[in-house]
Amino acid sequence: MTATRDTDPAELTAVCHVRAPLLLEPVDRQIETLQACESEGAIDDLLLRSWPKEVALSEESPHQEVLANYERFLQWADERGVTVRPPFRERSTTSQVTGTTRELLVTPLVCLELYADDELVGVFPHSDEATEETYTTDEAIATLRTGEIPTPFGSVDETDADLESATSSTCPDCGGSLIDGQGLFTCGDCGWAGTVTETGRYESQSEQSEQGSEQSVAEPRSR
């Protein structure tokens, strides 16, 4: 589950989020190991960030940066088919005085995110829901210390990859190269023009016109 730095020339940045104060084991040990990774060149930059134990899930929350991080982690996990809930947890609390209910985000004690240049390539800890296996922050940091990059569970969502593959294919009529004009693909060799459906199939403008005509005929005329 690791990749060596030799195969990844991108600058590696580690951002470690921790609950303050930073005085409890194993948090101190993990931070010390990350600092050693930076000094030894296993990572290029280390950023330490503190966050509270709980954050209100609302637009009025003073911790919008934490909520933005959470949304980014959710998107990353969704793209790979893994989950970050837990370690993140959402819960409700009701005031006994006012009766008001608030939705809260409970943050993990430690959370590590890794960037290759500006691309988010890992959030730890995270879990594979199918196998119920968790890739812990401790394991990720230990892998970094060996000079390797931890490889997260899961894989990038294949839907976008399939669509990208389809849009880079040749013309369905003559095999020539297609030009993408903001979603409308045209062939410079035979003049074919059309779009790509949600399933990744090319559909010509003539097919779209025929489908539109059939739908118009099927609809009853209003009086």
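The values are calculated or read from the model by the stated rules, or taken from the named source; none is laboratory data. Everything numeric here is computed off the predicted structure, so don't read it as measured data. Cβ placement follows ideal geometry from the backbone for every residue including glycine, while neighbour counts extend to all protein chains displayed.
When segment 129-149 is filtered for residues that are modelled with pLDDT under 95 and within 18 Å of the chain's Cα centre (by Cα), the ones remaining, listed by number, are GLU129, ILE149.
Here is a check on your reading of the model: is PHE124 touching a Leu at 6+ places or on another chain (Cβ under 9 Å) and within 14 Å of ILE141 (Cα to Cα)? So PHE124 fits the description; yes.
Put simply, of SER50, SER39 the only residue that is surrounded by fewer than 17 Cβ atoms within 10 Å (Cβ to Cβ) and under 23 Å from GLU103 (Cβ atoms) is SER50.
You will find that of ALA56, ALA142, ALA116, the residue that is under 18 Å from GLU11 (Cβ atoms) and of a type in the set (A, V, I, L, M) is ALA116 and no other. In segment 57-103, the qualifying residues are those that are over 11 Å from the mean Cα position of the chain (by Cα) and among the basic types (Lys, Arg), and the one that is farthest from PHE153 (Cα to Cα) is ARG102.
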